[in-house]
Each structure stands twice: as structure tokens, then as C-alpha cells.
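The values are calculated or read from the model by the stated rules, or taken from the named source; none is laboratory data. Keep in mind that this is a model prediction, so the values were computed, not measured. Every residue, glycine among them, receives a Cβ derived from its backbone with ideal geometry; neighbour counts consider all protein chains shown. Each accessible area value is taken on the protein alone, full model and side chains, heavy atoms only, with ligands, DNA and RNA left out. Shrake-Rupley method; radii C 1.70, N 1.55, O 1.52, S 1.80 Å.
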Amino acid sequence: MIYSVDVRIVAPVNDTEVTDRVADAVRNVFPDAEPTHEDGRLVAETHTLDAFSDVLHEQEILDTARRVFLRNSTEDGFDFALKKQAAFEGIVNFAVGDPDELGDIDVEVRVREPDVESFIDYVAPETDEGRPVDPVREYGDRFDPEDGAY
């Protein structure tokens, strides 16, 4: 199945932070995104969550991710926030409640094809005892954006 998504990533950069470290935090969990500095924040876009999904599989937090995605979903997509410090270490830690003092990494996913629930199934499949049940993609499957079938 072909997926078509737009992912927008925004992370505030405070005066007390080093911009490159915040950029590293974004790239550590979204390696396909290249952040640019805009008015006190970093903004990045990507069209895949394959590497991010791999991190979810590695950390074995598919159920948590799935709950977050579904709870924050609309017919157009879903949103979530991540802790910057954890992301700097390459760890996905979903931000819940009030934002961190230095701000969180905000992620907005807009799904054009096929539909939101199918894409969530792709990124964070349902599990049984921590193992994906009928995964749409296998851990480590990545699509090459340059490939015409992408």
C-alpha cells in the first residue's frame, strides 16, 4: 500500500539552549527531517515516519504510541508531542500534560493516503504481548523517498 503523509515538526529553541542540540534531538528521532531555524524555533518537514516507527519498535512502545496517536487523531491526521531531552538521546518519550519548561517537540501528521487509522496501523501496529499482530510493515522496513513506489 502506498502512504502519503506530511509531517511537520516544531521545537522551540530557548535562549538557554544550543540550537544545534535541539536540531540533533529532532534528527535523532526523525532522521529524514532537516530542521531550519525560524523565529526562535526549529521547523522541519518529512513525508515518512518509517525511522520513527523503527524507534517505537526498538523501544517496544507500540501500544503507548498507538494510544497517543488514536487519542489525538482527527479525520485528517494526528498530533503528538515529545520530550526534547529524551529525543536528544534518541529516545521517544511522549509529552503529556503541561509542556516541559523548555518546550516539547510538537509533531503534526497529516494523512492524505490511505486513511488515518490505516496509517497508525502502519506506524504503530496493534500488539499481542508486545509483538505486532499482522503488521503492515516489518521492523526495519523503510521506503526510499526517491523510489517511485514511495
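Looking only at residues in segment 113-141 that are out of contact with any helix residue (DSSP H, G or I) (no Cβ under 6 Å at 6 or more places or on another chain), within 12 Å of I61 (Cα to Cα) and at pLDDT 70 or above, the one that is surrounded by the most Cβ atoms within 10 Å (Cβ to Cβ) is P125. The set of residues in segment 12-33 that are surrounded by fewer than 22 Cβ atoms within 10 Å (Cβ to Cβ) and of a type in the set (A, V, I, L, M, F, W, C) comprises V18, A23. For first residues located in segment 15-40 and farther than 18 Å from F80 by Cβ, partners that are in a helix (DSSP H, G or I) and polar (S, T, N, Q) and lie 6+ apart or on another chain with Cβ distances below 9 Å form the pairs H37/T19. Contact map, segment 113-126: residues that are free of Cβ contacts under 8 Å to residues at least 24 places away in the same chain and of a type outside the set (V, I, T) paired with residues that are part of a loop (DSSP other than H, G, I, E, B) and open to solvent by less than 70 Å² (accessible area, probe 1.4 Å), Cβ distance under 9 Å, separation 6+ or inter-chain. Pairs shown: D121/P135.
With the requirement that a residue be of a type in the set (S, T, N, Q) and in a helix (DSSP H, G or I), what does segment 108-134 give you? The answer is S118, and nothing else.
Can you confirm whether segment 26-43 contains a residue that is under 14 Å from the mean Cα position of the chain (by Cα) and of a type in the set (S, T, N, Q)? Yes; the residues of segment 26-43 include at least one that is under 14 Å from the mean Cα position of the chain (by Cα) and of a type in the set (S, T, N, Q). For segment 67-112, filtered to residues that are in contact (Cβ under 8 Å) with a residue 60 or more places away in the chain and touching a Ser or Thr at 6+ places or on another chain (Cβ under 8 Å), the residue that is most open to solvent (accessible area, probe 1.4 Å) is R112. The sole residue among I2, I9, I61 that is in contact (Cβ under 8 Å) with a residue 24 or more places away in the chain and open to solvent by 40 Å² or more (accessible area, probe 1.4 Å) is I2.
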